[in-house]
1. For Glu120, work out the one condition from (1) modelled with pLDDT of 95 or more; (2) surrounded by fewer than 19 Cβ atoms within 10 Å (Cβ to Cβ); (3) within 23 Å of the chain's Cα centre (by Cα) it doesn't fulfil.
2. For the subset of region 129-143 comprising residues that are of a type outside the set (A, V, I, L, M) and within 11 Å of ligand 1 (Cβ to nearest atom), which member is farthest from the chain's Cα centre (by Cα)?
3. On the given criteria, is Gln165 more than 16 Å from ligand 2 (Cβ to nearest atom) and surrounded by 20 or more Cβ atoms within 10 Å (Cβ to Cβ)?
4. Taking into account only those residues within region 226-245 that are without any contact (Cβ under 8 Å) to a residue 60 or more places away in the chain and part of a helix (DSSP H, G or I), which is nearest to ligand 1 (Cβ to nearest atom)?
5. Could you please tell me which pairs satisfy a Cβ distance under 9 Å, a separation of 6+ or placement on different chains, a first residue in region 326-341 that is in contact (Cβ under 8 Å) with a residue 60 or more places away in the chain, and a second residue that is charged (D, E, K, R) and in a loop (DSSP other than H, G, I, E, B)?
6. If you take the residues of region 121-144 that are of a type in the set (A, V, I, L, M, F, W, C) and under 15 Å from Leu223 (Cβ atoms), which of them is farthest from ligand 2 (Cβ to nearest atom)?
7. Consider only pairs whose beta carbons are under 8 Å apart and that are at least six residues apart or on different chains; among these, list those whose first residue lies in region 160-183 and is within 12 Å of Glu247 (Cα to Cα) and assigned to a helix (DSSP H, G or I) and whose second residue is aromatic (Phe, Trp, Tyr) and away from ligand 1 (no atom under 14 Å from the Cβ).
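The values are calculated or read from the model by the stated rules, or taken from the named source; none is laboratory data. Model, not experiment: these values are computed from the prediction. Cβ placement follows ideal geometry from the backbone for every residue including glycine, while neighbour counts extend to all protein chains displayed.
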Amino acid sequence: MVTEQMLSEMQLEPEVPELDLSWLNLDTEWGVQSAPGRKGLTLQQINDTIYGEIPAMAADHTARPRGAAAASQSPRMGYVIGEATETFSDSAALLYDEAVSRQWSSATDIPWDTLDELPEDIERAMAQLCTSLTEVEFIAGDVPGKWLPRIAADHYESGLFLMSQVMDEARHTDVFRKRALANGGGLLLQGGGGGLRQILEAEDFTQMSSMLHILGEGFVQSLFRLGELIAHNEAEKRIFRLAAQDESRHVAFGVTHLKYTLENDPDKAEEVHWTLDMFENTLVDPDQANPGLAGALVYLLGDGDVDEGWRLFWHVRRKQVLEYLHRLDVAGLSGRQETGRLHPALAAAIEEN
Ligand SMILES: [Fe+2]
Ligand SMILES: [Fe+2]
C-alpha cells in the first residue's frame, strides 16, 4: 500500500547537480573578431587571427578544434598524421572557400534539353567516354575520403578541402552517368582499373596526391578544358566547363601541397619522382590503361574520322604533358624532362608535335 510518506518522497524535486562553469574561465584567446569581406566571412578571414596559426606538428590526436582548450578525458580519434608537411597546403582554406561558393547542380545547371539525337556511333563514343569517366570520378571521391580520418583536427583546412573534393567528385560521377543515360545510349565498357587501384593503395599522402591531383586530375583538367573539341551540344560543353572548374581546385591543392612539402622537407623530392615514374608508366601502358577511354576519345575528337581524331588526340596529349610539367615546376619539382626521367611516351608527345 502506498503511504502518504511514500507519496511525498516521490514528489521531491530531483537533486540538481552543480553547474560546471569552468568554460567561463579558460585561458584561450578572447576578444577575436573578423569582419566579412567582399566574398563574405571566409575561412581565410578567420585565419587572420591567432586561430590561424598552423602547428608544424599536431601533437593532439583528439577532435579538439584548433585553438580550443584541451579536455583531459577526450579520446584519441585516430588522426595519425601530425606533420603539416604530410598533408597541408597554404591554399587549402582559399580553395575550400572557393569550392563552397562554386557548387553547381547536375540536375538544374546543365541545359539537358540541348541534347539532340546524335548519330549512333557518336552517341556510343560519348556513352563510352562517360562510362569511363563515371568510374574514374567515383575513385577520385573515394581517395580523399579514405585519407580524411587520418588528418589531425589542427590541420582542418586540408580536411575541409578534401571534404569539398568528395562532394565535387560525387557530382562528376553523377553528371557523367546522367549524360550516358540521358540521350538514348547507356553504359558501355568499364576500365582496367589498375591505375585507380594504385592511387587508392598509396601509403603516403604526398605520393597519393602526386598521382591523383597532379598527374591524374591534371590530365583530366587539360582534357576538360578542351571539352569544346569533344562536345556536340551545349549540355556537354557546360558539363566539361563546370567539371574543369572543379578540377582546377583539386589540381591546385595538389600543386600547393607538394610545394609546401618540398619547401619544408626537400628530401621528399626523390620519393615523389619515384611515384611519378611509376604512375606515368601506368597511364601510358596500353595493358593497364582503360581500353574504352582512348578509343572513344579519338573517335569523338575526330567526329568519327579516326585520322583526324588521332591528330587531335596528340594535340590534347601535348597540352596535358606541357601543363603537367609546368605544375611540377610551380611545385618545385623540376627537371623530369631535362634529366630524361619523363616517360618516353610522354616526352615524345611534346617533342614530335
Ligand atoms: Fe572529378
Ligand atoms: Fe577532381
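1. (3)
2. We begin by selecting, within region 129-143, every residue of a type outside the set (A, V, I, L, M); these are 130-132, 134-135, 137-138, 141-142.
Cutting the leftovers down to within 11 Å of ligand 1 (Cβ to nearest atom) gives us 134, 137-138, 141.
Values: Thr134: 15, Glu137: 10, Phe138: 11, Gly141: 7 Å.
So, considering only residues that are of a type outside the set (A, V, I, L, M) and within 11 Å of ligand 1 (Cβ to nearest atom), the one farthest from the chain's Cα centre (by Cα) is Thr134.
3. Details: more than 16 Å from ligand 2 (Cβ to nearest atom): no; surrounded by 20 or more Cβ atoms within 10 Å (Cβ to Cβ): yes.
No: the conditions fail for Gln165.
4. First, pick out the residues of region 226-245 that are without any contact (Cβ under 8 Å) to a residue 60 or more places away in the chain: 227-228, 231, 237, 240-241, 244.
From the residues that got through so far, the ones that are part of a helix (DSSP H, G or I) too are 227-228, 237, 240-241, 244.
Numbers: Gly227: 13, Glu228: 18, Lys237: 17, Phe240: 11, Arg241: 13, Ala244: 9 Å.
It comes out as Ala244.
5. So the pair list comes out as Leu328/Arg336.
6. Looking only at region 121-144, we keep the residues that are of a type in the set (A, V, I, L, M, F, W, C), and these are 122, 125-127, 129-130, 133, 136, 138-140, 143.
Add one more test, that the residue is under 15 Å from Leu223 (Cβ atoms), and what stays is 125-126, 129-130, 133, 136, 140.
Working: Ala125: 23, Met126: 20, Leu129: 16, Cys130: 16, Leu133: 11, Val136: 9, Ala140: 5 Å.
Once the filter is applied, the top-ranked residue is Ala125.
7. Every condition considered, the pairs that remain are Ser164/Tyr96.
Residues checked against (1) part of a helix (DSSP H, G or I); (2) more than 21 Å from the chain's Cα centre (by Cα); (3) among the basic types (Lys, Arg):
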{"site": "Glu247", "(1), (2), (3)": "yes, no, no"}
{"site": "Glu263", "(1), (2), (3)": "yes, yes, no"}
{"site": "Glu270", "(1), (2), (3)": "yes, yes, no"}
{"site": "Leu276", "(1), (2), (3)": "yes, no, no"}
{"site": "Phe279", "(1), (2), (3)": "yes, no, no"}
{"site": "Pro286", "(1), (2), (3)": "no, yes, no"}
